[in-house]
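Heads up: the structure comes next, in structure tokens.
Any read-out appearing in this document is the output of simple, stated calculations on the displayed coordinates, not a laboratory observation. The model shown is predicted, which means the values in this text are computed figures rather than measured ones. Don't worry about glycine lacking a Cβ; one is built from the backbone with ideal geometry, like all the others, and counts go over all protein chains shown.
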Amino acid sequence: MSDLDKQPGRVRPAPENFLTEEQIREVAAGRRNFLRRSLMAAGAAMAAPLAARAADGDPAILQLPEWSTTLGQPVAARPYGMPSKYESQLLRRESPGLARVGGASVSFCPLQGLFGIITPSGLHFERHHQGWHEVDPARHRLMVNASDPAFLKKPKVYTMDDLMRLPPVSRIHFIECGANTGLEWGNVAVPTVQYTHGMLSCSEFTGVPLKTLLEDCGVDYKKARYVLAEGADGSSMTRTIPMEMVENGEVFVAYGMNGEMLRPENGYPLRLVVPGVQGVSWVKWLRRIEVGDKPYATKDEAVHYIDLMPDGMHRQYTSIQECKSVITTPSGGQTLLNKGFYNVSGVAWSGRGRIKQVDVSFDGGINWQTARIEGPVQNKALTRFNIGWKWDGKPAILQSRAIDETGYVQPTYGQLRKVRGTKSIYHNNAIQSWKVVESGEITNVQVL
Amino acid sequence: MSRFSKPILLVALCCASAAAFAFDNYGIGRQATPAEVKAWDIDVRADFKGLPKGSGNVQKGNDLFEEKCASCHGSFGESNEVFTPLVGGTTKDDIKNGRVGGFVTGDIPQRTTFTKVATISTVWDYIYRAMPWTAPKSLKPDDVYAILAYFLNLAEIVPEDFTLSDQNIAEVQKKMPNRNGMTTDHGMWPGAPASKGGIGNGGKPDVKNVACMKNCKSEVQIGSTLPDYARTAHGELADQNRSFGPVRGTRTLGQGAVTAAPAVDPNMELATKNGCMACHGVNNKIVGPGYAEVVARYKDQPDAESRLTAKVKNGGQGVWGSIPMPPNGHLADEDIKTLVKWILSGAK
């Protein structure tokens, strides 16, 4: 903790907490001369502002900063607003060694510093299969056709003009890559929540229910029970979607994200939204929808995104992201400043519906307390939870455990591995543990 | 008609008009032309619906693969440098049984495409829609048959003189080494279950926990902790967190190791934009040699600049190993010149 104490910007309660723990013990023992000596020594040794703080108060208060004494920037100085220059640390980052080509890689969302449930669009995680493009919306088309002409009265083509005239919906949903936390199936591999859980984001999406388009084309729901979604990029990624999710109105073709158009990295100008289903099915740069009577066994459901089980069989068409949660603050790779109160905060989500309850443990899962959920709780969306904690300076293991509206309880690593082994790659929704040691440093551990 | 009573007829008419109301209701969008559907409807299903007619043999596939694919996948689809290997890890027994034995025994060092994939249609579809990596959709159906025939020969599924076509692909499917290695018996398909013509068990989870609240176990068993190398492998964690707030990022690389954001180097940008950095590190080999190694080899040669320029433009093979460098005809001569000068000056 000592080097943290020296960092500028550290907010310290005055005055007794100016002392080191050792000094506090001295004071408590009645050695007041020591206190006087140490304050004087501190005043001499520290840089001028800190000395001023010790004597009269906080220079951040006593010496007016330039933003209080000079003229600020005019409106529209930045026509598209950007985060403060002091926010340069929270960025999408790659995990070294995970992929060898940037065009087929992942950048992880910095969950460790985010609040609430909406992911800033510029920090939304990325997963591309063959690089991303700036797709010209004027030349983008969505085609709806059928594997057999009998399934659809009329194959149609829609422009962005067409799609944006149709009645839209706006809904908040999480999107999680099926391989999120995949590096951790066998053992702890990465240090922070950005790399363990950062293939996760949540946005408000706006677009047209796919049901509207299929019915506009005259779909025959009796015959066409599957939908193929296809992208316009080089990989032209394809995935099979069940018609049940289209019929119930959940699946939509989205152009809007958090109030503006989708970002290019997230599929501008059109992507599929398949709530509760792994991100690979949310096909970006969506160019075609085909209705059919059979699933398609595409590359990303027959070579990748298949889950290897202990008996050597691969599970195919595993799509639902099961109930999961993680504490984002404090979390791995962070250090607590000192003993005392902390708000422990995290997110929970379920591909099967709403979050019902989140419990938090501070002793590695022996005892649990129910956390406070920040409402409103939405269907297949991130749900923020908070719980107060007084750290006594002793080792602790922090965990969160989510329960969804179906009654499903997020499993432990031991429970998950007993059924699925350690080589599945996909769909790791085990309880995450963060170990706190006396120094305040927090690291990633796995509790069985 | 006379057999229907009037009310029933009215109900029938009403429902018919409701269906018509949904179809083409908005007057938005237009009918796709047959040529348009043909241009985009390229998917091939496991039952070969959508498979174009055509054929190609192993020898032609070998030639095409060497020219268009080997720079990433290695000449025999074995390379693990850029992508995971395509071929390898399957046996004669696997071809006979349709299960890759290595998955059953757990003794499989590297999963390859042919150890995993159950359906040959998947490979055909994927090559046609997405390969080669830098020029997707440039292969003709006959090229795809040929390349696939070459894979099948490498995997010892078909002989060297084999010609794959739309006529015999269903026969080849019966020899796919992991054709019986897939299951859909799980609860993670969000549609109808297999019992109702869909997939899986209808959403029933396979792993169960209960929400115990007090004294749930007698001891905490730690299964794994963060290895030392992993603590620093992701850079300075202190710089990946805010410098204010309730916590700080842990300083993993030591005091004073704070690194300023590097200035953007236009040469590096040019190299990244054109895909050079996917295969070459500045100091380290990735697929091709690191630039430092290139400098070391060529630094005393007076014609280094012109020789390297030719290599970047036309490609080459053999100087640094068997994986060839693809030609880069899409690069402007001026850009190649800039890049070569930059590389020879140490790429700094």
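Numerical summary
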{"item": "Residues of type lysines that A:LYS394 reaches as a straight line, Cα spacing below 16 Å, ignoring anything fewer than 8 places off in the same chain", "result": "A:LYS339, A:LYS435"}
{"item": "Residues A:MET257, B:MET188, B:MET182 arranged by fewest to most Cβ contacts within 10 Å", "result": "B:MET182, A:MET257, B:MET188"}
{"item": "Neighbour-count order for A:ARG420, B:ARG251, fewest beta carbons within 10 angstrom listed first", "result": "B:ARG251, A:ARG420"}
{"item": "Nitroxide proxy distance, nm - points 7 Å out along Cα→Cβ at B:THR338 and A:ASP58", "result": "4.9 nm"}
{"item": "Relative packing of A:365-371, A:133-139, which averages over residues the other C-beta atoms within 10 Å, highest first", "result": "A:365-371, A:133-139"}
{"item": "Neighbour-count order for B:TYR298, A:TYR305, B:TYR229, fewest beta carbons within 10 angstrom listed first", "result": "B:TYR229, B:TYR298, A:TYR305"}
{"item": "Packing rank of A:390-398, A:198-206, B:92-100, where each peptide gets the mean count of other beta carbons within 10 Å, highest leading", "result": "A:198-206, B:92-100, A:390-398"}
{"item": "Neighbouring partner chain Cβ atoms per residue of B:224-232, average, 10 Å criterion", "result": "6"}
{"item": "R0 of 51 Å, Cβ-Cβ distance A:ASN343-B:ALA170: FRET efficiency to nearest 0.05", "result": "0.25"}
{"item": "Given charges at Cβ of Lys, Arg, Asp, Glu: the range A:324-445 dipole, positive-most of A:GLN334, A:ILE403, A:THR443", "result": "A:ILE403"}
{"item": "Dimensionless Rg ratio for the range B:96-232, taking C-alpha atoms and the 2.2 N^0.38 Å reference", "result": "1.54"}
{"item": "Kyte-Doolittle mean at least -0.5, axial Cα span of 24 Å or more - DSSP H helices of chain B", "result": "B:6-22"}
{"item": "Compactness of the protein assembly as shown, expressed as Rg and Dmax over alpha-carbon positions, Å", "result": "29.7, 113"}
{"item": "Sites B:SER243 and B:LYS217 - FRET efficiency at Förster radius 45 Å, r taken between beta-carbons, to 0.05", "result": "0.70"}
{"item": "Residues listed by number, the range A:424-448, amide nitrogen under 14 Å from A:ASP363 label point at 7 Å toward C-beta", "result": "none"}
{"item": "Cβ neighbours within 10 Å from other chains - mean over A:96-106", "result": "4"}
{"item": "Exercise: per-residue mean of other protein chain Cβ atoms within 10 Å, B:86-93", "result": "0"}
{"item": "Under 13 Å, Cβ to Cβ, from A:GLU215 - net charge with Lys/Arg +1 and Asp/Glu -1", "result": "0"}
{"item": "Selected from B:VAL312, B:VAL117, B:VAL210 as most flexible by GNM, with chain B as the system and alpha-carbon contacts under 10 Å", "result": "B:VAL210"}
{"item": "Cα-Cα P(r), chain B, percent of pairs per 20 Å interval", "result": "19, 38, 34, 8, 1, 0"}
{"item": "Peptides B:42-53, A:264-275, B:24-35 ordered by average Cβ neighbours within 10 Å, highest first", "result": "A:264-275, B:42-53, B:24-35"}
{"item": "5 Å binning of all Cα-Cα separations within the range A:324-445, expressed as whole percents from 0 upward", "result": "2, 12, 21, 23, 19, 14, 7, 3, 0"}
{"item": "Estimated inter-spin distance, B:ALA192 and A:ALA99, nm [label 7 Å along Cα→Cβ]", "result": "3.6 nm"}
{"item": "Neighbour net charge for B:GLY74 - beta-carbon separation under 11 angstrom, K R +1, D E -1", "result": "-3"}
{"item": "Descending semi-axes in whole angstrom, ellipsoid equivalent of the range A:157-200, from the Cα gyration tensor", "result": "38, 11, 8"}
{"item": "D_trans [Stokes-Einstein, Kirkwood Rh over alpha-carbon pairs] for chain A, 4 °C, 1.567 mPa s, µm² s⁻¹", "result": "53 µm²/s"}
{"item": "B:ASN97-B:GLU66 FRET efficiency (beta carbon distance; Förster radius 35 Å; 0.05 resolution)", "result": "0.60"}
